[in-house]
Amino acid sequence: MSDEVIDQDRPEGRLEGLRAELFKHFGKLTRFEALCRERGAMTVEEKIRLAEEVLASSSTGTVAEWYGHHLRLQGKESFDVDDYLARRAGKDGA
């Protein structure tokens, strides 16, 4: 992100400000981009709404969760993190 002043009065400036805030939190920018693609967000207003939704949600807590969003962004099948961790725990405990 650059050091330019963002004009928050314009929708495009608001979106850039939200993207800058998403960038500060692990996994949130990737989650935002994946949701934009999955939900077909094309307009600035739709993207602003999704950015606000992601910022309001809990943070991506693990690398596995981030990787799931990354896979979806790449058009690949994601996986359920809880299911994966439970299977891993079962293998380690066996």
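Annotations
- For beta carbons closer than 8 Å, sequence separation of 6+ or different chains, a first residue in region 3-21 that is modelled with pLDDT under 85 and a second that is surrounded by 12 or more Cβ atoms within 10 Å (Cβ to Cβ) and of a type outside the set (S, T, N, Q), the qualifying pairs are Ile6/Gly13; Ile6/Glu16; Ile6/Gly17; Ile6/Ala20; Asp7/Gly13; Gln8/Arg14; Gln8/Gly17.
- A single entry from Leu85, Leu50 fulfils the requirement of being surrounded by 12 or more Cβ atoms within 10 Å (Cβ to Cβ), in contact with a helix residue (DSSP H, G or I) (Cβ under 8 Å, 6 or more places away or on another chain) and at pLDDT 75 or above: Leu50.
- Matching residues in region 23-60 - criterion: being of a type in the set (A, V, I, L, M, F, W, C) and either part of a loop (DSSP other than H, G, I, E, B) or touching a strand residue (DSSP E or B) at 6+ places or on another chain (Cβ under 6 Å) (or both): Phe26, Ala41, Met42
The values are calculated or read from the model by the stated rules, or taken from the named source; none is laboratory data. Small disclaimer: the values here were computed from a predicted structure and weren't measured. Here the Cβ is made from the backbone with ideal geometry for all residues, glycine too, and neighbour counts use every protein chain on show.
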